[in-house]
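Engineer: So that we are looking at the same thing, I have put the structure below in structure tokens.
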Amino acid sequence: MNRVDLLTRSEAMARPASIAVRDISVTYPNGFTAVRDASFELGPGTICALVGVNGSGKSTIFKAIMGFVTPSAGQVQLCGLAVDKAVSMNIVAYVPQSEDVDWNFPVLVEDVVMMGRYGHMNLLRIPSNEDRRKVDEALDRVNMSAYRTRQIGELSGGQKKRVFLARALAQEGIIILLDEPFTGIDVTTESAIIDLLRELRDAGHLILVSTHNLGSVPDFCDQVVLLDRTVLAAGPTAETFTQENLERTFGGVLRNFELSGHALHEDDDARSLNVITDDERPLVFYGVKKNKKKEGRPDRKGGE
Amino acid sequence: MDPLAFLIEPFAYDFMQRALGMSLLVAAVCAVLSCYLVLKGWSLMGDAISHAVLPGIVIAFVLGIPLAVGAFVAGLACALLTGYLKYNSRVKEDTVMGIVFSGMFGIGLVLFTKVETDQHLNHILFGNVLGVTVGDLIETAIIAGGTLLVVLAKRRDLLLYCFDPNHARAIGLPVNVLHYGLLVLLSLTIVSSIKAVGIILVIAMLIAPGATAYILTDRFERMLVIAVAVACGSSVLGTLISFHINGATGACIVLVQAFAFLMVFLFAPKRGLWPITRLFGRGNGGSPDNVRSADAP
């Protein structure tokens, strides 16, 4: 890499992280419009959840941010730069879904993390001492140094996820995209990953997480973007991640049941409990029951 | 028979020396490519391109240009046409590929019967390694050597492309260049192999060494080394066997490679069906949790 490139990259990295998606529509070659007129903006030091059912356009938004698809209308800017420019500067790091990875591939943990450095290397991809040091640091940070010479298929679900997170760290992208990071991992690993994401957020990273694990969203996401082939709502979690918006986002797809009255407590009062779940971690709203249509009878149709 | 004579005697002949040199060159370049094909799941692509070069060879003969050029253009056309048809229809890639390559192979056969050539169809289909000239050897060395050099220089990018194309794209690597680059390298490899093993048998050289190495190791660099070693060893042994039994050389090499794969599949230390370490009571390589051999190719 020549000096001009280094200069522009360091300049770019000095900018605060940001994603600006402005009125984008994405139409695939088969004519299917996956996303229409979607807009949202995110700034530095943010963890944002991208929430929607399958087919709502989560992965299309990811692809547009990484430049894999070109919007037929509107534009995406990363740190104020066009996507292609931002990508060539290694600004965006991507952590794939576990199902998208061939775990039998003959690569070791350290090989995968080193792949995060390729964009910083010369054309033959011969690692410098700095590259090796960044890989060591990244492995340390996710607590995977002890496993560095393991083949990736020999790891547990959470360890696998941490390896790819380490690759994103080694890449030093200030925008990190995580695709369904909590699928198939245990609660301990999930909270370890969330802790790490919070650290990165506090260091100024912008983290975008696509998830259908609704229960953990209010725990660690400051911002939420709700999708259903367009942006239904976007903003701070407390204001946006409401029962009303979620019902709009998920329609009849999720189990939604409400407990109140005698099912919940012996005495007569208006406290109620509302559970929204897709059978992973349920999202629970505690509140005062507003409409009395069901006369306190719990709806058990959805499960237990 | 005297074992030394078994090894030495055949190479007293010039044509056997050339045959051995040719098969070693082809084995090495095919073995390196086979590692990528096996990992990328492109075995059928190798088969398709190799069949599709036939019309290119015939047309090149008619036009009086080097046969290798015609073969290369036709092979690449097959790959590009497959990609185009897949992108513009709902049919899956393997189906499209099957139609394109069998169609092109058909065109090649029809053309061959209509055109007066000095080529033998059998030699094109199955190779004629015992008949190679010094000129053939030089041509193959240039094509195979150039291909090897490029693949080895860009082996890490190509590996990343096979492993995680999305990440490759996200860090700004030219994924399209890697994709088509790999197709071009594959076509060149096939072109360089035609004289030795022919367009039907080359696919074995493009799959077996990589598959054998894939079972034996978890590291890509070792996989490359093992694949080349298996392929070159098979070439030597196959050439020798063909001399002594007076059999088709290309077929003998392919048979030895298939046998090597079978042995590894059955007895590989870690993932074999009956790991050799367990058969001889050493180590615990055959512990029941090593069930990954089940999904090896």
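Engineer: Per DSSP H run of at least 4 residues, take -39500 (n - 2.57); add these up for chain B, divide by its residues and hand me the 222 nm value, nearest 500 deg cm²/dmol.
Structural biologist: Result for chain B, helices only: -26000 deg cm²/dmol.
Engineer: Now for a separate question. Which percent of the accessible heavy-atom area of chain B goes to carbon and sulfur, probe 1.4 angstrom?
Structural biologist: 69
Engineer: Let me ask something additional. Going from most exposed to least, what order do B:V228, A:V109 have by accessible area with a 1.4 Å probe?
Structural biologist: Result, largest first: B:V228, A:V109.
Engineer: 5 Å is the cut-off here: which amide hydrogens, built 1.01 Å from N in the peptide plane, fall below it relative to A:A49, excluding neighbours closer than 5 in sequence?
Structural biologist: For A:A49, the qualifying residues are A:V209, A:Q223, A:V224, A:V225.
Engineer: Here's a follow-up. Anything losing 30 Å² or more of accessible area from the isolated chain to the full protein assembly: pick those residues out of region B:203-235, probe 1.4 Å, ligands and DNA/RNA ignored.
Structural biologist: B:Y214, B:D218, B:R219
Engineer: Determine the percent antiparallel among the DSSP beta bridges restricted to the protein assembly as shown, to the nearest 5.
Structural biologist: 60
Engineer: Heavy-atom accessible area of B:L137 with all protein chains present, probe 1.4 Å, nearest 10 Å²?
Structural biologist: Roll a 1.4 Å probe over it and B:L137 shows about 40 Å².
Engineer: Same structure again: List the relative contact order of chain B as a percent without decimals, with contacts defined as Cα pairs under 8 Å and 6+ residues apart. List each step's numbers first, then the result.
Structural biologist: Values: 445 pairs, mean separation 76.1, N = 297.
Once normalised by length, the contact order is 26 percent.
Engineer: What is the interface area between chains A and B, defined as buried accessible area summed over both chains with a 1.4 Å probe, reported in Å² to the nearest 100?
Structural biologist: Rounded to the nearest hundred, the buried surface is 2700 Å².
Engineer: Next up: In the Gaussian network model of chain B, springs joining C-alpha atoms below 10 Å, which of B:D14, B:D47, B:D157 carries the largest mean-square fluctuation?
Structural biologist: The residue with the greatest mean-square fluctuation here is B:D14.
Engineer: In nm, what is the difference between 0.36 nm times the number of residues separating A:S10 and A:D202 and their Cα-Cα distance?
Structural biologist: Stretched fully, the A:S10-A:D202 segment lengthens by 67.1 nm.
Engineer: Can you tell which of B:A153, B:A31, B:A258 shows the greatest fluctuation in a Gaussian network model of chain B with Cα springs below 10 Å?
Structural biologist: B:A153
Engineer: In region A:82-123, what residues drop by 40 Å² or more of accessible area when the other protein chains are put back, versus the chain on its own? Use 1.4 Å, and skip ligands and nucleic acids.
Structural biologist: Correct list: A:V87, A:Y94, A:N104, A:F105, A:P106, A:L108, A:M115, A:Y118.
Engineer: Please work out the average accessible area per residue across region B:157-200, using the 1.4 Å probe convention, and give it in Å².
Structural biologist: 25
Engineer: Report relative contact order for region B:13-152 in percent, whole number only (criteria: Cα-Cα under 8 Å, sequence separation at least 6).
Structural biologist: 37 percent.
Engineer: In region B:68-132, which trypsin sites (Lys or Arg not before Pro) fall in coil by DSSP and have 16 or fewer other Cβ atoms within 10 Å?
Structural biologist: Working: sites: B:K86, B:R90, B:K92, B:K114; in loops: B:R90, B:K92.
Taking region B:68-132 and a limit of 16 other Cβ atoms within 10 Å, the loop trypsin sites (Lys or Arg not before Pro) found are B:R90, B:K92.
Engineer: Separate question: Would you give the gap between the C-alpha center of region B:112-164 and the C-alpha center of region A:202-253, rounded to a whole Å?
Structural biologist: Centre-to-centre distance over Cα atoms comes out at 55 Å.
Engineer: Between the chain alone and the structure with every protein chain in place, find the residues of region A:13-30 that drop at least 20 Å² of accessible area; heavy atoms, 1.4 Å probe.
Structural biologist: Those are A:P29, which lose 20 Å² or more relative to the chain on its own.
Engineer: For B:L33, B:L81, B:L121, give the ranking by accessible area with the largest first, probe 1.4 Å.
Structural biologist: My answer, sorted largest first, is B:L81, B:L121, B:L33.
Engineer: Using only protein heavy atoms and a 1.4 Å probe, report how much of B:Y84 is accessible, in Å² to the nearest 10.
Structural biologist: 140
Engineer: How big, on average over all directions, is the shadow cast by the Cα convex hull of chain B, in nm²?
Structural biologist: 18.1
Engineer: Leaving out ligands and nucleic acids, note down the accessible area per residue over region A:150-208 with a 1.4 angstrom probe, in whole Å².
Structural biologist: Values: 1750 Å² over 59 residues.
Accessible surface, normalised per residue, equals 30 Å².
Engineer: Work out which helices of chain B, taken as complete DSSP H runs, extend at least 18 Å along their axis over the Cα atoms and score a mean Kyte-Doolittle of -0.5 or more, then list them.
Structural biologist: Membrane-span-like by this criterion, though nothing is claimed about a membrane: B:14-40, B:43-63, B:67-87, B:93-114, B:134-153, B:175-216, B:220-245, B:249-267.
Engineer: Can you give the local net charge around A:G158? Use residues other than it whose beta-carbon is closer than 12 angstrom to its beta-carbon, Lys and Arg +1, Asp and Glu -1.
Structural biologist: +1
Engineer: Which residue, B:S50, B:S102, B:S187, has the most motion in a Gaussian network model of chain B that connects Cα atoms within less than 10 Å?
Structural biologist: Residue with maximal mean-square fluctuation among B:S50, B:S102, B:S187: B:S102.
Engineer: Also, I was wondering about something else. If you average the sequence gap of Cα pairs under 8 Å that are 6 or more apart and divide by the length of region A:111-226, what percent do you get for the contact order?
Structural biologist: Value for region A:111-226: 27 percent.
Engineer: Convex hull over the alpha-carbon atoms of region A:179-227: what's its volume per residue in Å³?
Structural biologist: In region A:179-227, the Cα hull volume divided by residue count equals 78 Å³.
Engineer: Right, something else. How large is the convex hull of the Cα atoms of the protein assembly as shown per residue, expressed in Å³ as a whole number? Please report the intermediate quantities before stating the final value.
Structural biologist: Numbers: hull volume 120.0 nm³, N = 601.
About 200 Å³ per residue, rounded to a whole number.
Engineer: Further, regarding this structure: Measuring with a 1.4 Å probe in the full set of protein chains, what accessible area per residue, in whole Å², belongs to region B:1-152? The partial results should precede the final answer.
Structural biologist: Values: 7520 Å² over 152 residues.
Ligands and nucleic acids excluded, the figure is 49 Å² per residue.
The values are calculated or read from the model by the stated rules, or taken from the named source; none is laboratory data. Nothing here was measured: the structure is a model prediction, and the numbers come from that model. Cβ: placed from backbone, ideal geometry, glycine included. Neighbour counts: every protein chain shown. Areas reflect the complete protein model, heavy atoms only, side chains present, ligands, DNA and RNA absent. Shrake-Rupley method; radii C 1.70, N 1.55, O 1.52, S 1.80 Å.
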